[in-house]
Amino acid sequence: MLHVLSHTSHLTIPHLKKSSTFANMKVLVTGGTGYIGSHTVVELQQKGFEVVIADNLVNSYRETVDRIAKITGKCPAFEHIDLTDKHLVDQIFAKYSDIQHIIHFAALKAVGESVQQPLKYYHNNINALINILESMRKYAVKNLVFSSSCTVYGQPDVLPVTETSPIQPALSPYGHTKQICEEIITNTTAISNFNAVLLRYFNPVGAHPSALIGEFPIGAPNNLMPCITQSAIGKRPELKVFGNDYNTPDGTAIRDYIHVVDLAQSHVAALERFIGEQNTKKLEIYNIGTGNGFSVLEIIHSFEKVSGKKLNYQIVERRAGDIEKIWADTSLANRELQWKAQSGIDEMMASAWRWEQALSAPNVLR
Ligand code: NAD
Ligand code: WQD
């Protein structure tokens, strides 16, 4: 269990001036105590939106709600529910009948686990979405933002990858749930009165500058960033680099890493597009990355530079299911969402390190 950090209690987070433009606009954020969801709730509140979080805490902590409140000065409503329960989802929409927009983050996302337990992933990720969509239709909710993933592209033949790049056969049941959910949303939006936007995230890393929220996986992490920070702080004996025999400049795989705060802000930009009725289609799709690719070794070297820590890493064999390289063409999101990632790789590394150090401070029990 994550307890509030005493050493951050002195932090005075400047409460950014709230915009009156979105005052009283209510947004349901499913998965809102999760990594990306919590950062998005902060950005929404700082823009003046009213937020309701629905989360079953299968991969996050109730404490995160209090941490969000500490950053923004306003505590979001929190509903502890499993979104695969149709009746409970309907109750939420009946209780918060003034919900106008939904950002749907809630899903299981561990690629390796999905290979071992495919039905758990198909049940959770697809049924939760179906329940949300059915309630949206019943309660006339206007707009949906859906968490998709660059994983739908597989290994693109041409880089950078655009929103019209081919969707490749999924490499895991998790990735397959994202492809299926995109198709369900596409087909449902076509015959419904609501709009939807699919945001295809690349690789989110880093943490809020307050170091009060960040990536906090329950159990051993699989993603590169927490593996690096946990290795640097001594929670993990060593860092494994999965393969250096790829067809890349230094042989290690390349990804488009994006600061989680930049990613969070893209969701606000997507909502603003809907609110301003600027969307030209009922269903829109955007790549949310930086447009820059970095290799594993480049990430490691950037982290060592900003943290001053020397990482003990070992090159091992490739990880099954990994693609070689991917980075985004983000020009559509830049133009139509009027959004562009602001943080560079060093700030991503520095914020991730600040978060790991905060997690490891005294008085924090897991
Ligand atoms: P996360 O695990 O931190 O957050 C997901 C949240 O959803 C958790 O708080 C979990 O408790 C909740 N949840 C899961 N199933 C639920 C259910 N049935 N009912 C209620 N709550 C439920 O993950 P994240 O990294 O914040 O990812 C958020 C979304 O973005 C997910 O849909 C994920 O697939 C997608 N995504 C993540 C990444 C990434 O690298 N983190 C990349 C691309 C897409
Ligand atoms: C990045 C690179 C690894 C850990 C995954 C999911 C994707 C999305 C984002 C949900 C790869 C290498 C990693 C380590 C390493 N999640 N690596 N040592 O695999 O690009 O994407 O998370 O939507 O669906 O597949 O991210 O952070 O796991 O790996 O060398 O200890 O780092 O091989 O090249 P990935 P990642």
I'd like to know which of Ala107, Ile213, Thr177 lies farthest towards the positive end of the charge dipole of the chain, counting +1 on Cβ of Lys and Arg and -1 on Cβ of Asp and Glu. Ile213
So how much accessible area does Lys142 have, in Å² to the nearest 10, using a 1.4 Å probe? 110 Å²
With Cα springs under 10 Å, the Gaussian network model of the chain assigns the largest mean-square fluctuation among Asn244, Asn187, Asn203 to Asn187
Expressed as a whole percentage, what fraction of the accessible surface of the chain belongs to carbon and sulfur atoms when a 1.4 Å probe is rolled over the protein heavy atoms? 52 percent
Subset of Lys86/Lys109; Lys70/Lys235; Lys281/Lys325; Lys109/Lys282 violating a 24 Å alpha-carbon distance limit: Lys70/Lys235; Lys281/Lys325; Lys109/Lys282
In region 107-172, which chymotrypsin sites (Phe, Trp or Tyr not before Pro) are in a loop and have at most 14 other Cβ atoms within 10 Å, using DSSP for the loop call? none
Taking Lys and Arg as +1 and Asp and Glu as -1, residues besides Asn312 with C-beta under 15 Å from its C-beta add up to +3
I need the Kirkwood Rh of region 36-107: take the reciprocal of the average 1/r across all distinct C-alpha pairs and report it in angstrom. 12.7 Å
The correct ranking of Ile184, Ile71 by accessible area at 1.4 Å, largest first, is Ile184, Ile71
I need the calculated FRET efficiency for the pair Val158 and Lys281, taking r as the beta carbon distance and R₀ as 22 Å, to the nearest 0.05. 0.40
Cα-based shape type of the chain, given that a ≥ b ≥ c are square roots of the gyration tensor eigenvalues and the cut on a/c is 1.5: oblate
Spin-label pair Ala69/Asn223, simplified geometry with 7 Å Cα→Cβ offset, distance in nm: 2.6 nm
Quick one: accessible area per residue over the chain, 1.4 Å probe, rounded to a whole number of Å²? 42 Å²
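The values are calculated or read from the model by the stated rules, or taken from the named source; none is laboratory data. In this text, all values refer to a predicted model and were calculated from it rather than measured experimentally. Reconstructed Cβ throughout: ideal geometry from the backbone, glycine too, with neighbour counts over all protein chains shown. Keep in mind that these areas ignore ligands, DNA and RNA; they rest on the heavy atoms of the full protein, side chains included. Shrake-Rupley method; radii C 1.70, N 1.55, O 1.52, S 1.80 Å.
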